[in-house]
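Visitor: Supplied in structure tokens, the structure appears directly below.
The values are calculated or read from the model by the stated rules, or taken from the named source; none is laboratory data. All values reported here derive from a predicted model rather than from experimental measurement. All Cβ positions, glycine included, derive from the backbone under ideal geometry; neighbour counts span all protein chains shown.
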Amino acid sequence: MTSHDEIGIEPLAAGWRLEGSDEAGREIRLVFSDEELSRAYLGLTIGRHPKLCERVLEDSSISRRHLRIGLRNGELIAEDVNSLNSTLLDGQALAPFQAVVLRDGQTLTVGRILLRICQVRGNRAVRDEAT
């Protein structure tokens, strides 16, 4: 699996997409179903090392193990795992090993990769349902 492929369970009944691009303009989309996240007790790890992470981002600014994504009390959370280049949520650095709640429409910066958080229900973005 590469970071530039859509990764996850399709069709996505409910879950989350992290989508954006790297500095070279290559599209990145990470897909997580609520079912997959609920089964991952400690969350799913995102990073550069394919043997240490469930989702791989191939970029030199990404640590081997960079952050974890999971569900807690039905909410999507992210936790930086003491990465070298930090994880930012809407421009604010996450403290290592301190989980924060992620919301639809927020921006997560992982190393130099900018990802928009998008909640999905019935294979459609939640924001699209309002229109």
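Visitor: Can residue 80 be described as of a type in the set (Asp, Glu), modelled with pLDDT of 95 or more and exposed (fewer than 13 other Cβ atoms within 10 Å of the Cβ)? Can you show your working first?
Guide: Numbers: of a type in the set (Asp, Glu): yes; modelled with pLDDT of 95 or more: yes; exposed (fewer than 13 other Cβ atoms within 10 Å of the Cβ): no.
When the stated conditions are applied, residue 80 does not pass them.
Visitor: Also, quick follow-up: In this structure, does residue 36 turn out to be farther than 24 Å from residue 95 by Cβ, touching a residue at least 12 places away in the same chain (Cβ under 8 Å) and part of a helix (DSSP H, G or I)?
Guide: When the stated conditions are applied, residue 36 passes them.
Visitor: Hey, another quick one. Return yes when residue 8 is on the phi > 0 side of the Ramachandran plot, touching a helix residue (DSSP H, G or I) at 6+ places or on another chain (Cβ under 9 Å) and at pLDDT below 95 and no when it is not.
Guide: Answer is yes for this residue.
Visitor: Which residues, taken from the stretch 47-69, are surrounded by 21 or more Cβ atoms within 10 Å (Cβ to Cβ) and either small (Gly, Ala, Ser) or touching a Phe, Trp or Tyr at 6+ places or on another chain (Cβ under 7 Å) (or both)?
Guide: Hits for the stretch 47-69 are 47, 63, 69.
Visitor: Moving on to the next point. Could we say that residue 42 is in a loop (DSSP other than H, G, I, E, B), surrounded by 14 or more Cβ atoms within 10 Å (Cβ to Cβ) and at pLDDT below 95 here?
Guide: When the stated conditions are applied, residue 42 does not pass them.
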